[in-house]
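One structure is given below, encoded as structure tokens.
The values are calculated or read from the model by the stated rules, or taken from the named source; none is laboratory data. Computed from a prediction, not measured in an experiment: that's the story for all the values here. Using ideal geometry, Cβ is built from the backbone for each residue, glycine included, and neighbour counts are taken over all protein chains shown.
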Protein chains: 2
Amino acid sequence: MKLTDVGEFDMIDQLAKIARESCPPSAVSRQNLTIGIGDDAAAWQNESGRTLATTDCLIEGIHFTKAITDWHDLGWKALAVNFSDIAAMGGHPRYALVTLGLPEETSTEDVLQFYTGMAELANRYETAIIGGDVSAAPAVFINLAVTGRAGKHLLTRNMARPGDVVAVTGSLGGAAGGLRILQAHRKPSEIGKALCEAFLRPCPRLEEGTLLVAEGVRCAIDLSDGLATDLKRICQQSSVGAVVEVAMVPLPPMLTALFGTEALALALGGGEDYELLFTAPIKTVEQVAAKAPCPVTIIGRVTTENPGKLNLISPDGQDFTLDNQGWQHFAHRT
Amino acid sequence: MKLTDVGEFDMIDQLAKIARESCPPSAVSRQNLTIGIGDDAAAWQNESGRTLATTDCLIEGIHFTKAITDWHDLGWKALAVNFSDIAAMGGHPRYALVTLGLPEETSTEDVLQFYTGMAELANRYETAIIGGDVSAAPAVFINLAVTGRAGKHLLTRNMARPGDVVAVTGSLGGAAGGLRILQAHRKPSEIGKALCEAFLRPCPRLEEGTLLVAEGVRCAIDLSDGLATDLKRICQQSSVGAVVEVAMVPLPPMLTALFGTEALALALGGGEDYELLFTAPIKTVEQVAAKAPCPVTIIGRVTTENPGKLNLISPDGQDFTLDNQGWQHFAHRT
């Protein structure tokens, strides 16, 4: 059977089972493990607190093309997508390990630019790049592994409770819109530039993740694969349903200006926004919104009905159907 | 300038500089950092001890081909090469993050076999596989990041001292010999099988690394790129010279039987043996040898002369010249 027959998510379920069973229950590593495969980052307990660890790759031709993304932005983004996972756990990044697989014809200036872009973001969040691996490769392959420190409690995908509202930081669909503009090789208009920036240089919501912890939020995920896919993950892992009123989903104004009625589909299914999606009692979310450095918008609620399912509601109260349910590697594309 | 003009090692020096300067000196992450880029693993201090972290990739067409290595062995080896870095610091592995970039036509059975091979070794050393990333890719790309706990002190590359002797665990050249047999697509003879095994399923010297710490050894490296290259790293980082008597380098008996006079070149320049190379006063090395679960052989000594340089001596007392000085990515091949 091929990967395209099972898709990324089923494959991961099977691999997680082998991984779980591989470590003896008596092992210190297993006893100290708080969160294994299945959340934004793994977490384990030390005498002195909890360590977080996550890894994410960017592969040429899959996640990026050199025609669209320059090396400086690529460095920034490679680190940002890992930081976003730490943010979604409510933690602080500390250390990064960097693997670069590079075709032989790669220029040294490009590699230095990559590191400079990464260092710019690392510096902002006081994270040290402490090691890595550099290898020849048939295409550009980038992998980062980032460790961090957890806050006083973790934000996890399995803590949504019926009665919670569903909220997001920032706005959605910008990155997907930006990618469309870049793929069309158009010189972006002034209003298109912000969307391109959202795709090329996402800002991990680390301050916001810390704020969520401080205000008592328990459930969060970062939006990497699109709202529909990522909210469904929360529903499945929390055994709850969710209703989202699509009219409440915050869109960047320029997204609607440039993409018209298509803007909503980009926001719901586009992915790569790296905003935080979280659930909590409405009062908690209002406190977060009052203190957050970015807009925070309530877009729906958590329900007991239809556990594991997401229900999108149109402004007229009808079910809203989304053709593209978000990104999945090895999925059949139609 | 292309990567092939500067080579892997010069490139890493330049990247390490950017990495070091990127994190503010006042940052907690930097203040707690004991070892950054430049050793087998990075290390940082917690209230409760020291954490080690390392990352290593295996790329199809560069590090392996599917014609030679099956998926089960590939899983074992991907973890083993990372464990070897932890062993070379004298630590214990605890947690592993796994990234797989896979062509769409990859079969699910192969991926499960990969995980099973990895789990087999993880289980042996009580290490938990705690997360990862799975992505489509144009070629098979594997990256692991492993964290561990340090022993009561670290084994580092910069602690060789004049007067130390140079020693190795096990024997050298087996992996390079095994690769030659496999590349020739010959069905290995009974005596060739052990060499193939050395290449396909290296055993990280974790017990030996712990023993080195217990006996007071301070300086070690794992042999991934070949004795000549890796000992030179110790010489450079310790600002010492080293003399190796090539006749003392331990070879697997079947290596000489199969490769004759070429066996020595495989042992000195071949790489991928994942044995530990270390230096210490002779008395310490004798104590290690008496307790080690594998052979330990003294092959040379550390000198004040020619700092940063390695001097290979033939049985007749003449300088021994090695054509292949070990593996370097992006190096000009002749």
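Data table
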item	result
Which numbered condition residue A:133 fails, given (1) modelled with pLDDT of 95 or more; (2) touching an Asp or Glu at 6+ places or on another chain (Cβ under 6 Å)	(1)
Residues satisfying the stated conditions in segment B:29-48, i.e. without any contact (Cβ under 8 Å) to a residue 24 or more places away in the chain and at the interface with chain A (Cβ under 7 Å from one of its Cβ atoms)	B:29, B:30, B:33, B:36, B:42, B:44, B:46, B:47, B:48
Unmet requirement for residue A:126, which otherwise passes all of (1) at positive phi; (2) in contact with a Lys or Arg (Cβ under 6 Å, 6 or more places away or on another chain)	(2)
Unique residue being of a type in the set (A, V, I, L, M, F, W, C), on the phi < 0 side of the Ramachandran plot and free of Cβ contacts under 8 Å to residues at least 12 places away in the same chain when the list is A:290, A:267	A:290
Selection count where residues are under 26 Å from residue B:290 (Cα atoms), of a type in the set (Ser, Thr, Tyr) and outside any loop (DSSP other than H, G, I, E, B), scope segment B:125-170	2
Test: residue in segment A:269-285 that is over 30 Å from residue A:188 (Cα atoms), assigned to a helix (DSSP H, G or I) and basic (Lys, Arg)	yes
Residue pairs meeting the criteria (Cβ under 6 Å; at least 6 apart or on separate chains; first without any contact (Cβ under 8 Å) to a residue 24 or more places away in the chain, in segment B:167-182; second surrounded by fewer than 24 Cβ atoms within 10 Å (Cβ to Cβ))	B:178/B:196
Number of the exception - residue B:2 against (1) within 7 Å of another protein chain (Cβ to nearest Cβ); (2) of a type outside the set (Asp, Glu); (3) touching a His at 6+ places or on another chain (Cβ under 9 Å)	(3)
Search result, residues across segment A:81-108 that are more than 7 Å from chain B (Cβ to nearest Cβ) and part of a helix (DSSP H, G or I)	A:81, A:82, A:83, A:84, A:85, A:86, A:87, A:88
Subset of segment A:19-42 (residues that are under 24 Å from residue B:102 (Cβ atoms), at pLDDT 95 or above and among the hydrophobic types (A, V, I, L, M, F, W, C))	A:41, A:42
Those residues of segment B:172-194 which are over 18 Å from residue B:66 (Cα atoms) and either crowded, with 20+ Cβ neighbours inside 10 Å or touching a Phe, Trp or Tyr at 6+ places or on another chain (Cβ under 7 Å) (or both), in sequence order	B:172, B:173, B:174, B:177, B:192
Tally of residues being not β-branched (Val, Ile, Thr) and not in a loop (DSSP other than H, G, I, E, B) across segment B:171-189	9
Selection count, segment B:110-148, where residues are facing another protein chain (nearest Cβ under 7 Å), farther than 19 Å from residue A:33 by Cα and not aliphatic (A, V, I, L, M)	6
Meets criteria (farther than 29 Å from residue B:98 by Cβ, of a type outside the set (S, T, N, Q) and not in a loop (DSSP other than H, G, I, E, B)) for residue B:192	yes
First in segment B:1-14 and in contact (Cβ under 8 Å) with a residue 12 or more places away in the chain and within 17 Å of residue B:229 (Cα to Cα), second anywhere and assigned to a helix (DSSP H, G or I) and hydroxyl-bearing (Ser, Thr, Tyr), Cβ under 7 Å, 6 or more apart	B:6/A:108; B:11/A:108
Qualifying residue in segment B:142-164 (condition: among the aliphatic types (A, V, I, L, M), over 30 Å from residue B:285 (Cβ atoms) and surrounded by fewer than 24 Cβ atoms within 10 Å (Cβ to Cβ))	no
Enumeration of residues in segment A:53-80 that are closer than 30 Å to residue A:212 by Cα, in contact with a Phe, Trp or Tyr (Cβ under 8 Å, 6 or more places away or on another chain) and within 10 Å of chain B (Cβ to nearest Cβ)	A:53, A:57, A:58, A:75
The one condition in (1) within 24 Å of residue B:15 (Cα to Cα); (2) hydroxyl-bearing (Ser, Thr, Tyr); (3) touching a residue at least 60 places away in the same chain (Cβ under 8 Å) that residue A:156 fails to fulfil	(1)
Some residue of segment A:226-243 being within 23 Å of residue A:196 (Cβ to Cβ) and not in a helix (DSSP H, G or I)	yes
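Table: residues versus (1) of a type in the set (S, T, N, Q); (2) at pLDDT below 95; (3) farther than 23 Å from residue B:95 by Cβ.
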{"position": "A:44", "(1), (2), (3)": "no, no, no"}
{"position": "A:60", "(1), (2), (3)": "no, no, yes"}
{"position": "A:66", "(1), (2), (3)": "no, yes, yes"}
{"position": "A:81", "(1), (2), (3)": "no, no, no"}
{"position": "A:87", "(1), (2), (3)": "no, no, no"}
